[in-house]
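Visitor: Okay, here's the structure, questions in a sec.
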Amino acid sequence: MNIYDISKQAGVSIATVSRVLNESDKVSPPTRQKVLDIIEKNGYTPNAFARSLCLNTMSTVGLLCSDSSDVYQAQAVYYLERELRDNAYTSMLCCTGYNLLEKQEYLQLLLSRNVDAIFFIGSHFVENTEKGNSYILNAAKKIPVFILNGELSGENIYSILCDDFAATRDITDLIFSKGSKRPIMLYRTLSYSGQRKVDGFLESCRAHGLDPEEKRAFSCPGPVDKTKTILESIRENGAAFDSVVAADDELATGAVKYALQNNLRIPEDFQVTGYNNSVLATCSTPEITTLDNQVEFMCVTAVSQLMQIMQGRELPSRTMYSGRIVEHETTQK
């Protein structure tokens, strides 16, 4: 039994059967019921691929992340898939790594699968040059593109992001208010999000009278067990510090380990803040004061916007929201 058999038994065209299957209102109630009765009698289940061709949609979204083992990205994947599923969409996930060529190849793979939209999880997909971003701009000429926690200007590109600059400035202001005199910052990379965090940190340091020429932000791209080594190297090279503002909770746990192994009392001698409000912050001992950048809200907003775009609505190309400080045990009361 297929759509052609149904049309013959019902005495209607294939187009009419397609309209019934797609719940179109351009079919009279008696004709609709006749087709539905034949479908029920024969136990017909429409082929999903064929139905998608009729609708000109696969009801599938492509998700691109660089590393699914990253706590932040894993959370985003979970929330996106949950929201898409609740809206009758499926998803295809590709983990690209950080190489531009691999990002481009995975994007082309998803486009070849006729996905209805692309979600880039993280600002590291946005390059520093227009040429580097051409793969995203070209994709946006075909389907809607969403960039989560990053920003790129272009038609049919929608950026949903936390205000990382203000959030990092505010959490740095917090540790100054708790008695810190010489904080330093640890970050992964200077992606769009990473640069905004560093800028927010340095803005707070300037506002509290620290020398703007003094190096206070340090790259720490390796795994958490390297954080201790990097902090010891910073100290040995003459940079005095009494607190660490970390760009993510994993780096913050490394800073906590450094303090404990050097017999520094937390938070009396040494304060630490993280970022992302992940499970790492509450699994740490002591629990880490962190910045909740509301990844669930970001993902819910992104999927909601996609559904509105599919309905033909116009939306702003940029949606920015505020983070929220969650105080735990690594900052003074």
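Visitor: Taking springs between alpha-carbon atoms closer than 10 angstrom, which of Glu102, Glu214, Glu296 fluctuates most in the Gaussian network model of the chain?
Guide: Between Glu102, Glu214, Glu296, it is Glu214 that shows the largest mean-square fluctuation.
Visitor: Express the accessible area of the chain per residue in Å², computed with a 1.4 Å probe while the remaining protein chains stay in the model.
Guide: Computed with neighbouring chains in place, this is 49 Å² per residue.
Visitor: Where the centre of each part is set by its Cα atoms, how far does the range 54-126 sit from the range 240-274, in angstrom?
Guide: Cα centroid to Cα centroid, the span is 34 Å.
Visitor: Mind grabbing the base-10 log of I(q)/I(0) for the chain at q = 0.13 Å⁻¹? Debye formula, identical points on the C-alpha positions, no solvent, two decimal places.
Guide: For the chain, the Cα-only Debye profile gives -0.95.
Visitor: Follow-up question, since we're still on this one. Over the range 202-333, with every protein chain in place, what whole percent of the accessible area is carbon and sulfur at 1.4 Å, could you tell me?
Guide: The value for the range 202-333 is 48 percent carbon and sulfur by accessible area.
Visitor: So what's the range 221-290 giving for Rg/Rh, alpha carbon basis, Kirkwood Rh from the mean inverse pair distance?
Guide: Expressed as Rg/Rh, it is 0.94.
Visitor: I would also like to ask the following. Would you check the accessible area of Tyr187, probe 1.4 Å, heavy atoms only, in square angstrom rounded to 10?
Guide: Tyr187 has an accessible surface of roughly 30 Å² with all protein chains in place.
Visitor: Where both residues lie in the chain, what percent of DSSP beta bridges are antiparallel, nearest 5?
Guide: 10 percent
Visitor: How much accessible surface does Arg182 have with a 1.4 Å probe, in Å² rounded to 10?
Guide: Its heavy atoms expose roughly 80 Å² to the probe.
Visitor: While we're looking at this one, here's another question. Note down the accessible area of Thr189, probe 1.4 Å, to the nearest 10 Å².
Guide: 80 Å²
Visitor: On a straight-distance basis, which lysines could pair with Lys41 in a cross-link, Cα separation under 21 angstrom, same-chain partners fewer than 8 positions away excluded?
Guide: Those lysines meeting the cut-off are Lys8.
Visitor: Considering only DSSP states other than H, G, I, E and B, which trypsin sites (Lys or Arg not before Pro) in the range 129-235 qualify as loop sites with at most 14 other Cβ atoms within 10 Å?
Guide: Lys131, Lys141, Lys142, Lys181, Lys215
Visitor: Using the crude model of +1 on Lys and Arg Cβ and -1 on Asp and Glu Cβ, and no other charge, please compute the dipole size for the chain relative to its Cα centre, in debye to 20. Before the final figure, lay out the partial values.
Guide: Working: 33 positive and 41 negative charges, 190 e Å.
Charge dipole, the chain, about its Cα centre: 920 debye, nearest 20.
Visitor: What order do Ile121, Ile38, Ile325 take when sorted by accessible area (1.4 Å probe), most exposed first?
Guide: The ranking, largest first, comes out as Ile325, Ile38, Ile121.
Visitor: Another question, if that's okay. From the cross-link list Lys131/Lys257; Lys197/Lys228; Lys26/Lys142; Lys141/Lys215; Lys34/Lys142; Lys197/Lys333, which pairs have alpha carbons spaced over 31 Å apart?
Guide: Lys131/Lys257; Lys141/Lys215; Lys34/Lys142
The values are calculated or read from the model by the stated rules, or taken from the named source; none is laboratory data. From a predicted model like this one, the values you see are computed outputs, not experimental measurements. Every residue, glycine among them, receives a Cβ derived from its backbone with ideal geometry; neighbour counts consider all protein chains shown. Areas reflect the complete protein model, heavy atoms only, side chains present, ligands, DNA and RNA absent. Shrake-Rupley method; radii C 1.70, N 1.55, O 1.52, S 1.80 Å.
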